[in-house]
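**Q** Before anything else, here's the structure in question.
The values are calculated or read from the model by the stated rules, or taken from the named source; none is laboratory data. What you are looking at is a predicted structure, and each value in this text was computed from that prediction instead of being measured. Here the Cβ is made from the backbone with ideal geometry for all residues, glycine too, and neighbour counts use every protein chain on show. With ligands, DNA and RNA removed, areas are computed over all heavy atoms of the protein, side chains included. Shrake-Rupley method; radii C 1.70, N 1.55, O 1.52, S 1.80 Å.
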Amino acid sequence: MRKGSPVSADWDPGSPDVHRDQRVAYDRQRTTCPVAHDGSGTWTLFAHGDVVAAANDAKTFSSRVSSHLNVPNGMDGDEHAAYRGIVERYMGPDRVEALAPTCHAIAADVIASTPRHEVFRAVTLGARFAVRAQSAWLGWPAQLEDTLVEWMADNHAATRSGDHVLTAQVAQRFDTIIRSLIDRARRTPGDDVTTQLLAERVDGRHLTEEEVVSILRNWTAGDLGSIAVSLGVVVHFLASHPDLQHQLRTAAVAGDRPVLEAAVEEILRIDDPFVANRRLATVDVEVAGRTIRAGERVVLNWTAANRDPAVLGDPDAYDPPAHAADNLVFGTGPHACPGRALSLMELAVATSELLVATSRIEHAPGQEAVRETPPVGGWSRVPVLLG
Ligand code: HEM
């Protein structure tokens, strides 16, 4: 490894090791070379302290990583704050609590149609639940469900393929869906989130259609996927830890959502499927003895940072209260996830309904769970049996 100006690669983000098991590979990388250059202008930060420092220093590590409009994720400073204020209004505690009973009903319905005593894929269950919960939140028509589930699967496949043309086509399809919802909201304004977004103002003017599309795209494209993938991780963890499963089933029967939310956040810390976010260095900056040059790309690897023994001790030890303050599943700093409360409610409710409806969740004998490959995290297959 060279100090100062890097020329050669410290690591290969596409290596077979990373494809086999990202979590193991990132753990190793954090230990051997926690600030690593890939040889083509991109640095990855793996250590908890470095990731936290960079995420909280938006002047040095800009979120303006692409020329595409990305509201508010790809903005900095005052501009980011203005749009972020709008986005937060839709994810506040009042909205989350109002949605909780609907999410219970959706989860119970999805779980009731899940086969018993035969193998099913937890990720599929998550996708169906995520789409319905999101549609309820946004006030989107129920008939859109199948279109969105199908779109999510195609989007996932396109992201995984790394094929930019395919990814652009899938993104275009989504924009068409969103624009039809915007047209509908313009023609017949209702009480739905799309109508409300169209009435939002920034700098004394209404949001443009492009901005509304970008906001809805971020919520749906990025975040639907993370809810579905997170449920896969939670189900895998519960099947692997029967004692914890028993303990959480008791909490679920008692209707103790705070315990389930804390459990979900801790399980996602141990096995974080929301792997990374990007930044752009605005000035030359030194991180742990390595010099990152202005204009170089920087990746914050949440999965590795969330398992850094220097801060968290044994990364695999399940201990929600001990790890809550350092948990980075929802990020940190000005871009920290505004959807955290919404996500934890949805995930806790779905987990709770699954636990209450079953007496046990087990790995399907003889069938291996299969991990996702970059840039997607979590599990692509979690074959389980419900008892
Ligand atoms: C388990 C589910 C989720 C996880 C793990 C997650 C994680 C994250 C993380 C780590 C960030 C920080 C990004 C950065 O620093 O660049 C983030 C940002 C964001 N998340 Fe989430 N998220 C989840 C679900 C959601 C949901 C359901 C929504 C909304 C519907 C949402 C909306 C956003 C938005 C708008 C941002 C950008 C905030 C900004 O730039 O100020 N997220 N999320």
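**Q** Give the Kirkwood hydrodynamic radius (Å, one decimal) of segment 269-387, defined as one over the mean of 1/r across all pairs of different Cα atoms. Could the numbers behind the result be given before it?
**A** Numbers: mean 1/r = 0.0581 Å⁻¹.
Computed over Cα pairs of segment 269-387, the Kirkwood hydrodynamic radius comes out at 17.2 Å.
**Q** Moving to a separate point now. May I ask for the net charge around Thr44, where only other residues with Cβ less than 12 Å from the Cβ of Thr44 are counted and Lys, Arg are +1 while Asp, Glu are -1?
**A** Numbers: positive: Arg30, Arg278, Arg279, Arg290, Arg297; negative: Asp10, Asp12, Asp38, Asp50, Glu296.
So the surrounding residues net to 0.
**Q** Let me ask something else about it. Once ligands and nucleic acids are excluded and a 1.4 Å probe is used, how much of Ile177 is accessible, expressed in Å² to the nearest 10?
**A** Ile177 has an accessible surface of roughly 30 Å² with all protein chains in place.
**Q** Also: What residues qualify as long-range amide H neighbours of Asn301, i.e. H under 5 Å apart, gap of 5 or more or another chain, H built at 1.01 Å from N?
**A** For Asn301, the qualifying residues are Leu45.
**Q** Taking the alpha-carbon centroid of each part, what is the distance from segment 168-221 to segment 239-294 in angstrom?
**A** 30
**Q** Quickly estimate the mean residue ellipticity at 222 nm for the chain, helices only: each DSSP H run with n ≥ 4 gives -39500 (n - 2.57), and the total goes over all residues, rounded to 500.
**A** Taken over the chain, the calculation gives -16500 deg cm²/dmol.
**Q** Okay, moving on. Could you let me know the centre-to-centre spacing of segment 324-387 and segment 107-167, using Cα atoms, in angstrom?
**A** Distance between centres, Cα-based: 14 Å.
**Q** Rank-order 230-236, 139-145, 9-15, 34-40 by packing density, defined as the average count of other C-beta atoms within 10 Å over each peptide's residues, highest first.
**A** Values: 230-236: 26.9, 139-145: 13.9, 9-15: 16.0, 34-40: 18.7.
In descending order of packing, they fall as 230-236, 34-40, 9-15, 139-145.
**Q** Further question on the same structure: Of Ser226, Ala171, Gln247, which is farthest along the charge dipole of the chain in the positive direction, counting Lys and Arg as +1 and Asp and Glu as -1 at C-beta?
**A** The listed residue farthest towards the positive side: Ala171.
**Q** Let me ask something else. Take every DSSP beta bridge whose two residues both sit in segment 16-386, then give the antiparallel share in percent to the nearest 5. Intermediate values should be presented prior to the final figure.
**A** Values: 22 of 26 bridges.
Of all bridge pairs located within segment 16-386, approximately 85 percent are antiparallel.
**Q** Highest mean first, what order results for 90-97, 122-129, 334-341 on Cβ atoms within 10 Å?
**A** Those peptides, ordered most packed to least, come out 122-129, 334-341, 90-97.
**Q** While we're here: State log₁₀ I(q)/I(0) for segment 16-386 at q = 0.06, 0.10, 0.14, 0.15 Å⁻¹ as given by the Debye formula over alpha-carbon point scatterers of equal weight, solvent excluded.
**A** Rounded to two decimals, the profile gives -0.22, -0.64, -1.31, -1.49.
**Q** Could you look at segment 1-134 and say what percent of its accessible area is carbon and sulfur, using a 1.4 Å probe and all protein chains? Please report the intermediate quantities before stating the final value.
**A** On the way: 3340 of 6310 Å².
Carbon plus sulfur share of accessible area: 53 percent.
**Q** Give, rounded to the nearest 20 debye, the magnitude of the charge dipole that the chain has about its Cα centre when Lys and Arg contribute +1 at Cβ and Asp and Glu contribute -1 at Cβ. Intermediate values should be presented prior to the final figure.
**A** Values: 37 positive and 51 negative charges, 96 e Å.
Charge dipole of the chain: 460 debye, to the nearest 20.
**Q** Let me ask something additional. Going by average Cβ density within 10 Å per residue, which order do the peptides 294-305, 370-381 take, highest to lowest?
**A** The densest-packed peptide leads the list: 294-305, 370-381.
**Q** Determine the sum of side-chain charges near Thr358: Lys and Arg each +1, Asp and Glu each -1, restricted to other residues whose C-beta is under 12 angstrom from that of Thr358.
**A** Working: positive: Arg116, Arg249, Arg360; negative: Glu353, Glu362.
With Lys, Arg at +1 and Asp, Glu at -1, the neighbours total +1.
**Q** Take Leu69, Leu347 and sort them by solvent-accessible surface of the protein heavy atoms, 1.4 Å probe, largest at the top.
**A** On the way: Leu69 80, Leu347 5 Å².
Ranked list, largest accessible area first: Leu69, Leu347.
**Q** I would also like to ask the following. Distance between Cα centroids, segment 61-79 to segment 85-104: provide it in whole Å.
**A** Comparing the Cα centres of segment 61-79 and segment 85-104, I get a distance of 24 Å.
**Q** A further question follows. Between Val119 and Thr32, what FRET efficiency comes out of the Förster formula 1/(1 + (r/R0)^6) with R0 = 25 Å and r the beta carbon distance, rounded to 0.05? Could you put the intermediate results ahead of the total?
**A** Numbers: r = 38 Å, r/R0 = 1.52.
Approximately 0.10, to the nearest 0.05.
**Q** Let me ask something else. How much net charge surrounds Arg132 when only other residues with a Cβ under 12 Å from its Cβ are counted (Lys, Arg +1; Asp, Glu -1)?
**A** Details: positive: Arg128; negative: Asp109, Glu145, Asp146, Glu346.
Its environment carries a net charge of -3.
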